[in-house]
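So the structure is just underneath, and the comments pick up after that.
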Protein chains: 2
Amino acid sequence: MAEKVVIIGSGPAGWTAAIYAARANLNPLVLEGVPKQTPSIQLPGGQLMLTTEVENYPGFPEGITGPEMMEKFKDQAVRFGTRVETLDVVRCDFDSKPFKLTTSDDTVIEAHSVIISTGASANWLGLPNELRLATSGGGVSACAVCDGALPIFRNQPVAVVGGGDTAMEEASYLTKFASKVYIIVRRGEFRASKVMQKRVLSNPKVEVIWHSVVDDVLGMAHLEKLRLKNLQTGAMHDIEVKGLFVAIGHTPNTHFLRETKLGLDPVGYVKLTDGFRTLTNIEGVYAAGDVTDQVYRQAISAAGMGCKAAIDAERWLAEHGID
Amino acid sequence: MAEKVVIIGSGPAGWTAAIYAARANLNPLVLEGVPKQTPSIQLPGGQLMLTTEVENYPGFPEGITGPEMMEKFKDQAVRFGTRVETLDVVRCDFDSKPFKLTTSDDTVIEAHSVIISTGASANWLGLPNELRLATSGGGVSACAVCDGALPIFRNQPVAVVGGGDTAMEEASYLTKFASKVYIIVRRGEFRASKVMQKRVLSNPKVEVIWHSVVDDVLGMAHLEKLRLKNLQTGAMHDIEVKGLFVAIGHTPNTHFLRETKLGLDPVGYVKLTDGFRTLTNIEGVYAAGDVTDQVYRQAISAAGMGCKAAIDAERWLAEHGID
């Protein structure tokens, strides 16, 4: 029997879609994904599994850790009847009706509707200490809006790695809290728009370190120094920082969609046909969360979209008499 | 000194905007609104103040009451430095820069940016018992997606009042849980689209009671009966139901915006220029939550938009050097 709705991905968007779909008696199946390191770090629970303290998800005035929060989301979805399988989807056939999803254990799941909420994974530098400090609250992060306001960064020097618009936004945001914001950029110029550059470079707290990469992330319990390498001279030097914000892009987790007719943008993000809703170019296929969001990337905004996707799917199924 | 950002309204969208704006060091001011009964019921905290158990806000697997949840949202916003005034905005001047907001105590607040999150109030029938049972978990509700899955309605007869698309959607949704769904409609036809009507009327659980209004809502701790009046014959008769879902529309709380150039739709909802974001036709003015949403109206979707509005406002302020 075909599933009424299959939800692919298990971050805030996926679990919220599951809560709403389960309460709408759709008996949803969540394919939460298999943990993996390549091509990017993907874990059931999503990007929040790599964070410690979450202070901006509304409802938790005292804060909550990312993994605890995802546990609560999952519990709530399961409590209302969501079924969960630790599987990836490796291939989708959206031409057949119902749709056919091939999973990582080679089974084929039929589904009348699909919600894609596989997220986007932050790109990391790939240095040994980096992820350890990111996942232990040690001062390494891929999201300034999420973590920049944490007390550990207040009036402390921090560094942003990257040269695009996101790096400029992260740096601009961090100037509100940090005593100094280094921007470490590989080339001798930014890819960011001129307006963004001007805004950031005019801030007296900002110092750009051109032609440089981070060669090592130093610190035990907490980040202490970055070892930088000048790509022109080969020279190394250390800077003392309490925070490292890696802003070298995200990779949307949409490899399994590349051979379908689902509309993706050039980077691979799922395109919505109407930004307010969650419809894609394929009827019955919905997208929610970071997999379709290059602007906000917050747990609460992803969860909001997950809710919308489940309501959109529910109404579509009802319209088509699939109930 | 002009405020960097003023947030008007204090439901999920407003508090979430405040949490994000406060963490972005914008020192936000929330005008939470004065409780009132006319033209519609408006309370600080919004529509959730009229509900008891909230089971679908992600993060609370055991459920939480609406007022408790709004208390947590507010605490979190205040914890990060949000200031709160129990005032309404009665008039806006968006032509001057900074904007000028006249409040219900006749002070004028200057603001570089404004987030409108005043919500939309459900229209009620106006019967004595109705609101008492709505606010005590007694079986009266204005939102089937929110409350329809509650155990008290499972395999029980319920009634929907209204004849528009929303009433059809509520009735369709309720057929998943209820043993029977009465639709009580004033006229001899529905305003809803033919497709929606057909779907609902073809469901064997649905019984339409034409030309009728609810004359009285009967029950002490819990709804027991509706007294219906036939408008053609004047005859009264009672039906036994455990749930009453009032679906006679919402009134967006935008009266104070009517004389501005802010784009509103014919019903009075704030129009977004890009549904994915929260920008309006006036630069520096953002809208989030039910005040701009006729589709979903959920706490989590409103909160998601509140987050987006704060990020949009923060970036706009930074671009304009207001920091």
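Would you mind working out the magnitude of the charge dipole of segment A:231-289 relative to its Cα centre, with +1 at each Lys and Arg C-beta and -1 at each Asp and Glu C-beta, to the nearest 20 Debye?
Using only the charged Cβ atoms, the result is roughly 160 debye.
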Open item on the list: Going 7 Å from Cα along the Cα-Cβ axis for the label, what nanometre distances separate A:Leu218 from the same residue across the other copies?
Closed with: 8.2
Open item on the list: With the label 7 angstrom out along Cα to Cβ, how close does A:Asp265 come to the same site in each of the other copies, in nm, nearest first?
Closed with: 2.4
Open item on the list: Considering the Cα positions of segment B:106-237, please state its Rg to one decimal place and its Dmax as a whole number of Å.
Closed with: 17.4, 59
- [ ] State, to one decimal in nm², a quarter of the convex hull surface area for the C-alpha atoms of chain B, i.e. the direction-averaged projected area.
- [x] 16.9
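Just the number, please: buried accessible area between A and B, total of both chains, 1.4 angstrom probe, nearest 100 square angstrom.
5200
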- [ ] As a check on your grasp of the helix formula, calculate [θ] at 222 nm for chain B: sum -39500 (n - 2.57) over DSSP H runs of n ≥ 4, divide by the residue count, round to the nearest 500.
- [x] -7000 deg cm²/dmol
Open item on the list: At 1.4 Å probe radius, can you tell me the per residue accessible area of the protein assembly as shown in Å²?
Closed with: 38
Open item on the list: Can you compute the charge dipole magnitude of segment B:124-246 about its Cα centre, using +1 on each Lys and Arg Cβ and -1 on each Asp and Glu Cβ, nothing else charged? Give it in debye, rounded to the nearest 20.
Closed with: 320
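Nearest 0.05, what FRET efficiency do A:Ala235 and A:Val195 give at R0 = 45 Å with Cβ-Cβ as r?
The computed FRET efficiency comes out at 0.90.
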- [ ] Pop out the Kirkwood hydrodynamic radius of segment B:1-139 from its pairwise C-alpha distances, inverse of mean 1/r, in Å to one decimal.
- [x] 15.9
Open item on the list: Treating the point 7 Å from Cα along Cα-beta-carbon as the label, what are the nm separations from A:Arg154 to the other copies, to one decimal?
Closed with: 4.7
Task: Per-bin percent of Cα-Cα distances, segment A:107-170 [5 Å] - done: 3, 12, 20, 21, 15, 7, 5, 8, 6, 2, 1
Task: Average partner coverage of A:18-24, which counts Cβ from other chains inside 10 Å - done: 5
Open item on the list: Report the rotationally averaged projected area of segment A:197-323 based on its alpha-carbon convex hull, in square nanometres.
Closed with: 12.6
Task: Partnerless cysteines, meaning none of the other Cys C-beta atoms lie under 4.7 Å away, in chain A - done: A:Cys92, A:Cys307
TODO: Mind telling me which of A:Lys100, A:Lys180, A:Lys36 comes out most flexible in a GNM of chain A, alpha-carbon contacts under 10 Å?
DONE: A:Lys36
Open item on the list: Need one number: the % of Cα-Cα pairs in the protein assembly as shown sitting beyond the 50 Å mark.
Closed with: 12
Task: Solvent-accessible area, 1.4 Å probe, carbon plus sulfur percent, for chain A - done: 50
Task: Note, ³J(HN,Hα) from phi for segment A:162-167, Karplus 6.51, -1.76, 1.60, rounded to Hz, x at Gly and Pro - done: x, x, x, 4, 4, 4
Task: Positive-pole candidate from A:Ile116, B:Ala77, B:Val145, dipole of the protein assembly as shown, charges at beta carbon - done: A:Ile116
Task: Gyration tensor (alpha-carbon) shape descriptor, segment B:73-117, a/c threshold 1.5 - done: prolate
Task: Euclidean distance of C-alpha centroids, segment B:1-64 and segment B:277-323, integer Å - done: 13
Task: Solvent-accessible area lost in complex, 10 Å² minimum, residues of segment B:29-75 relative to chain alone, 1.4 Å - done: B:Glu55, B:Asn56, B:Tyr57, B:Pro58, B:Gly59, B:Phe60, B:Pro61, B:Glu62, B:Lys72, B:Phe73, B:Asp75
Task: Rounded Å value of the spacing that divides the Cα centres of segment B:99-151 and segment A:173-242 - done: 47
Open item on the list: Only protein chains counted, 1.4 angstrom probe. Which residues of segment A:250-289 are at least 30 Å² less accessible in the assembly than when their chain is isolated?
Closed with: A:Gly275, A:Phe276
Task: Closest Cβ on chain B to the rotation axis that carries it onto A (distance rounded to whole Å) - done: B:Gly304, 1
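The values are calculated or read from the model by the stated rules, or taken from the named source; none is laboratory data. Every value quoted in this text rests on a predicted model; they were computed, and no experiment measured them. As a convention, Cβ positions derive from the backbone with ideal geometry for all residues, glycine included, and neighbour counts pool all protein chains shown. Each accessible area value is taken on the protein alone, full model and side chains, heavy atoms only, with ligands, DNA and RNA left out. Shrake-Rupley method; radii C 1.70, N 1.55, O 1.52, S 1.80 Å.
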